[in-house]
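In what follows, a single structure is set out as structure tokens and then discussed.
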């Protein structure tokens with residue numbers, strides 16, 4: 001069961017730290033770190049890996065029947081943590097320019113984060129065990145039904161957005177490799 | 001049992017992914033890859049290259065610049081497809097591209113030329129590169145560090161685009177340090193700094209004008225640049241500046257062109273004044289005082305050409321002769337001073353000799369009248385003698401010195417001798433009076449008389465004119481002729497207080513203090529002493545009761561007359577010789593009874609008058625041999641003196657004289673017959689020692705056998721005399 005909001009605080013603290021590092025780089029170089037230099041580029045890569053973990057790890061654990069590493073609640077917390085920190089780093093990677101495909105990808109990232117918040121809100125409406133299994137009887141049937149309907153609806157929206165985001169992100173990465181990284 | 005799969009691969013998820021992929025592909029086809037652009041390309045229109053004015057015109061054609069990673073071509077290859085000139089520049093070290101290619105052959109175009117930074121963003125970004133800035137025509141030598149010691153950045157001067165430069169940037173920085181200068185400088189030379197400045201030097205503190213042909217000295221060094229380089233707006237303008245004087249000083253010409261344009265022939269950069277015109281190049285050489293005269297004194301109104309050269313043109317108003325002596329001042333005056341006249345006075349009837357030579361002309365020609373000046377002495381010289389000596393000064397004086405007088409005083413009744421010759425005329429001829437001067441000594445020397453008239457007024461009777469001290473008085477004419485030491489004595493020793501008359505003649509009058517005898521011999525010193533010396537006294541001691549004989553005559557007076565006491569000196573020997581008595585008074589006080597005055601050892605004592613007349617060897621014995629302890633009471637028995645010489649050890653008593661005589665010990669006369677053993681026969685001739693062996697006399701045995709050995713071996717007894725007699729053993 002997801003109790004408290006420690007992962008939110010942890011994510012918030014991590015983002016503060018990253019912001020501090022970002023601020024220090026700005027102070028030293030006197031410019032916004034461009035997306036292409038070591039710091040900006042590194043943030044994009046790490047942020048994207050975190051986002052990729054957000055997308056895959058919780059989902060794999062949730063659906064795995066053979067390997068059951070850790071509790072579901074931990075992976076959900078990890079999903080929320082990486083789902084906040086990863087996009088934040090990607091946002092900083094953007095160097096605050098939002099044109100072209102890269103801009104669109106950033107926009108999709110922002111949307112999926114907001115969507116994730118909404119999903120978390122709906123998710124916590126349903127009482128669950130430590131492994132995320134629903135506990136029946138604590139909520140009225142009507143309320144529970146409504147919650148499940150909402151959660152299904154949210155899933156139907158959240159997952160396509162995520163897929164669109166990752167397609168866009170992969171194309172962006174491919175273009176960056178083509179036009180910049182492997183540029184001769 | 002569901003297989004493990006990602007939760008995102010739902011139908012809607014996969015569908016969304018496909019839609020997204022298609023949408024991206026559609027955009028890519030439609031926009032030519034522009035959606036991958038990280039930013040707008042530069043749209044600033046330039047020269048046409050590759051058919052376009054800017055990169056923005058080929059924004060969709062990514063491959064125009066971007067080669068695919070798998071292609072052999074690089075992006076730089078794509079650059080030079082259009083920018084062909086850069087290919088050539090890279091081979092030329094005199095171009096920025098050539099120099100930078102040489103510095104780093106691996107450098108890529110985009111290292112300095114970034115794109116996708118916006119339509120107006122600069123295409124050149126070389127911060128951090130060792131860009132050879134001097135190739136742009138501008139050195140960064142003087143722009144290494146800013147005032148705060150920070151290194152310069154490209155953007156400090158160029159702003160965001162290093163390919164452009166706004167010259168107002170110069171003013172905005174340099175105006176901060178000296179705004180007034182910048183304003184003046186820009187007004188003087190225009191706003192294009194780069195026309196003159198190339199950054200190599202500051203052109204202010206480090207600029208060395210002397211490196212050029214035209215060195216800045218004197219006032220030129222103080223001039224502002226603009227004073228000469230007027231209206232110069234480029235380095236070329238500065239170099240075109242003429243170096244001849246007139247280029248700058250045409251307006252300063254006070255001579256209005258009359259003296260040509262070469263100011264430097266007279267003036268120097270030290271200043272217009274003083275000028276150094278070589279006047280000697282003109283017909284009028286400047287000598288002496290003329291050389292110091294200001295130019296304008298002769299060249300009034302700065303007129304130089306045609307200035308007349310004759311004296312009167314300038315000096316007409318200086319002529320004190322009112323034209324009487326003509327207009328050619330130089331016939332007499334030199335150029336040094338007016339007083340420096342070269343008139344040959346010897347051509348007149350009055351040649352100048354001696355002091356007359358140095359006398360200022362005006363002394364004689366006092367109203368500057370030269371003609372008809374009288375030549376008589378008195379016409380110029382006032383007579384201090386008031387005519388007593390006549391009108392002809394030259395009779396005594398000469399022109400060299402008034403004091404150098406040659407008056408022959410011997411012609412007068414008073415010939416000058418000795419000190420009179422050196423005396424100043426005025427010392428006798430006071431008040432300039434010469435005639436009627438009295439010739440007697442007292443007329444002049446009454447005040448010098450130290451004798452207060454005791455010798456009258458004729459000083460010359462004793463003194464002569466050489467010196468007062470040179471006195472010639474004949475003392476023998478007085479009643480007291482000077483002899484011996486008296487003749488060397490200073491007069492005042494006897495004539496104290498300058499009193500001569502009535503000086504007493506007695507010795508004691510002068511010598512009372514010299515009397516060493518305290519008056520014992522009266523006041524007539526000359527009774528013993530004479531004038532040659534006090535010590536040379538002649539006293540006849542024989543006139544006293546004690547005539548001096550023997551050694552007494554050679555004794556110094558004071559030996560007997562100690563303390564200078566003569567009278568009452570006792571005449572007995574002991575009065576003087578008590579200390580000499582070696583007999584301790586044994587013979588009384590009359591030494592003369594034995595000793596003679598010749599010497600002490602000359603004694604006259606008759607021993608035969610004593611109870612012990614000296615006979616034999618006694619007469620030759622030294623007195624002290626017997627009188628070792630004095631004379632009185634000396635014993636007369638032999639043993640008193642001879643006890644130690646008794647060889648008989650007292651065997652014969654103490655009266656040596658009973659056997660021995662004073663003539664010698666050896667002459668002993670012992671009468672053996674007085675003993676119990678009279679000597680008879682051969683006994684009388686036997687040596688004493690034969691029987692008295694070892695000097696033993698007393699107790700000598702009288703038996704025969706005591707001396708004689710018995711040839712009968714005792715057969716006949718011991719009395720030899722029973723058979724033998726002393727006449728011989730044979731008898």
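Which value at 222 nm does the protein assembly as shown reach when only helices count, each DSSP H run of 4 or more adding -39,500 (n - 2.57), with the total divided by all residues and rounded to the nearest 500 deg cm²/dmol? Mind showing how you got there, number by number?
Working: 33 runs with 293 residues, N = 915.
Computed mean residue ellipticity for the protein assembly as shown: -9000 deg cm²/dmol.
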TODO: Would you mind checking the radius of gyration and Dmax of chain B based on alpha-carbon positions, in Å?
DONE: 78.1, 219
Open item on the list: For residue B:84, project a label point 7 Å along Cα to C-beta. Then give me every residue of region B:45-59 with its amide nitrogen under 15 Å of that point.
Closed with: B:48-52
Task: Backbone N within region B:567-586 under 14 Å of label point (7 Å from residue B:546 Cα along the Cβ vector) - done: B:567-579
- [ ] Please provide three numbers in whole Å: the alpha-carbon extents of chain A along the principal axes, with the largest listed first.
- [x] 62, 31, 30
Open item on the list: Show me the ranking of peptides A:160-171, B:130-141, B:537-548 by mean Cβ neighbours inside 10 Å, starting with the highest.
Closed with: A:160-171, B:130-141, B:537-548
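Kindly put B:449, B:104 in sequence by how many other C-beta atoms sit within 10 Å of each C-beta, fewest to most. If you can, show how the numbers build up before the last one.
On the way: B:449 16, B:104 11.
Neighbour counts put them in this order, fewest first: B:104, B:449.
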Task: Value of relative contact order over region B:228-374, rounded to a whole percent, pairs C-alpha under 8 Å and six or more apart - done: 13 percent
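For residue B:408 and residue B:590, what is the calculated FRET efficiency with R₀ set at 51 Å and r taken between the beta-carbons, to the nearest 0.05?
Computed FRET efficiency for residue B:408 and residue B:590 comes out at 0.05.
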- [ ] Please give the average number of partner chain Cβ atoms lying within 10 Å of the Cβ of each residue in A:94-107, rounded to a whole number.
- [x] 3
- [ ] For region B:400-550, just list the percent of Cα-Cα distances falling in each 10 Å bin from zero outward, please.
- [x] 8, 27, 22, 16, 12, 8, 4, 2, 0
Open item on the list: Run the paramagnetic zone check for residue B:536: 7 angstrom along Cα to Cβ, then residues of region B:477-496 with backbone nitrogen under 15 Å.
Closed with: B:482-489
Open item on the list: Rounding to the nearest 10 and keeping the result within 0 to 90°, find how far the Cα-based axis of helix A:141-176 lies from the longest principal axis of chain A.
Closed with: 20 degrees
Task: Rg(Cα) / (2.2 N^0.38 Å) computed for region B:479-538, rounded to two decimals - done: 1.14
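Please sort B:308-316, B:17-25, B:366-374 by packing, taking for each peptide the average over its residues of neighbouring beta carbons within 10 angstrom, highest first. Working shown, then result.
Details: B:308-316: 13.4, B:17-25: 16.0, B:366-374: 10.4.
Highest mean packing first, the order is B:17-25, B:308-316, B:366-374.
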Open item on the list: Can you give me the angle between helix A:38-63 and the longest principal axis of chain A, using Cα atoms only, in degrees from 0 to 90, rounded to the nearest 10?
Closed with: 20 degrees
- [ ] May I ask you to sort B:261, B:501 by Cβ crowding, counting other Cβ atoms within 10 Å and putting the fewest first?
- [x] B:501, B:261
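Assuming R0 = 22 Å, what is the FRET efficiency of residue B:130 and residue B:194, from their Cβ-Cβ distance, to the nearest 0.05? Don't jump to the answer; show the numbers that get you there.
Numbers: r = 22 Å, r/R0 = 1.00.
That pair, residue B:130 with residue B:194, gives E of 0.50.
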TODO: Report P(r) for region B:1-66: all Cα-Cα distances, bin width 10 Å, range 0 to the bin holding the largest distance, values in whole percent.
DONE: 18, 31, 20, 15, 10, 5, 1, 0
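For region B:350-407, what does the relative contact order come out to in percent, with C-alpha contacts under 8 Å and a separation of six or more?
39 percent
Over the whole of A:176-184, what's the average partner chain Cβ count within 10 Å per residue? Rounded to a whole number, please.
Working: counts 2, 1, 7, 11, 3, 1, 4, 9, 14.
Rounded to a whole number, the mean comes out at 6.
When the chain is fully extended, how far beyond the present Cα-Cα distance does residue B:49 get from residue B:642, taking 0.36 nm per residue of separation?
Numbers: separation 593, 0.36 × 593 = 213.48 nm, distance 17.67 nm.
Going from the current span to full extension adds 195.8 nm.
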Task: Computed label-point distance, nm, for sites residue A:19 and residue B:373 using a 7 Å Cα→Cβ extension - done: 12.0 nm
TODO: Please work out the ratio of the alpha-carbon Rg of the protein assembly as shown to 2.2 N^0.38 Å and round it to two decimals.
DONE: 2.79
TODO: Pull out the extension gain between residue B:139 and residue B:612, defined as 0.36 nm times the separation in residues minus the alpha carbon to alpha carbon distance; nm, one decimal.
DONE: 154.8 nm
TODO: Using only alpha carbons, build the gyration tensor for region B:549-605 and give me the equivalent ellipsoid semi-axes, biggest first, whole Å.
DONE: 21, 14, 9
- [ ] Provide B:197, B:279 in ascending order of the number of other Cβ atoms located within 10 Å of each residue's Cβ, fewest first.
- [x] B:279, B:197
- [ ] At q = 0.26, 0.30 Å⁻¹, what is the base-10 log of I(q)/I(0) for region B:680-731 according to the Debye formula with one equal point scatterer per Cα and no solvent? Please give it to two decimals.
- [x] -1.15, -1.29
Task: Estimated inter-spin distance, residue B:493 and residue B:337, nm [label 7 Å along Cα→Cβ] - done: 6.6 nm
Open item on the list: For region B:413-473, take every pair of Cα atoms, bin their distances at 10 Å starting from 0, and report each bin as a whole percent.
Closed with: 20, 55, 24, 1
- [ ] Could you give the spread of the C-alpha atoms of region B:206-263 along their three principal axes, from largest to smallest, in whole angstroms?
- [x] 39, 24, 18
Task: residue B:628-residue B:346 pseudo-label distance in nm [points 7 Å out on the Cα-to-Cβ vector] - done: 12.0 nm
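Taking 0.36 nm per residue of separation and subtracting the Cα-Cα distance, what length does fully extending residue B:216 through residue B:442 add?
Values: separation 226, 0.36 × 226 = 81.36 nm, distance 9.05 nm.
The span from residue B:216 to residue B:442 would gain 72.3 nm if fully extended.
Take the Cα pairs of region B:644-731, get the Kirkwood Rh, then feed it into Stokes-Einstein at 10 °C and 1.306 mPa s and tell me D in µm²/s. All intermediate terms of the calculation are to be shown ahead of the outcome.
Details: Rh = 15.1 Å.
Once the numbers are plugged in, D ends up at 105 µm²/s.
Give me the inter-chain shielding for B:29-41: mean count of other chain Cβ atoms within 10 Å, whole number please.
Working: counts 0, 0, 1, 0, 5, 3, 9, 11, 6, 14, 5, 1, 0.
Average neighbour count from other chains, rounded to a whole number: 4.
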Task: Between 0 and 90°, nearest 10: helix B:179-189 axis offset from chain B longest Cα axis - done: 60 degrees
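Please give the per residue volume of the convex hull enclosing the alpha carbon atoms of region B:629-688, rounded to a whole number of Å³. The partial results should precede the final answer.
On the way: hull volume 6.2 nm³, N = 60.
Given the Cα convex hull of region B:629-688, per-residue volume reads 104 Å³.
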Open item on the list: Could you compute how fast region B:350-407 diffuses translationally, taking Rh as the Kirkwood radius over C-alpha pairs and applying Stokes-Einstein at 4 °C with viscosity 1.567 mPa s? Give it in µm² per second.
Closed with: 104 µm²/s
Open item on the list: How many angstrom lie between the Cα centre of region B:455-475 and the Cα centre of region B:100-121?
Closed with: 135 Å
Task: Relative frequency of Cα-Cα separations exceeding 22 Å in region B:548-676, percent - done: 54 percent
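Would you work out the relative contact order for region B:479-538, in percent, from Cα pairs under 8 angstrom that are 6 or more residues apart? Walk me through the intermediate numbers first.
On the way: 31 pairs, mean separation 22.6, N = 60.
Result for region B:479-538 is 38 percent.
Computed from the coordinates by the stated procedures, all read-outs in this text should not be read as laboratory data. A quick note: this is a predicted structure, and the numbers were derived from the prediction, not measured. Reconstructed Cβ throughout: ideal geometry from the backbone, glycine too, with neighbour counts over all protein chains shown.
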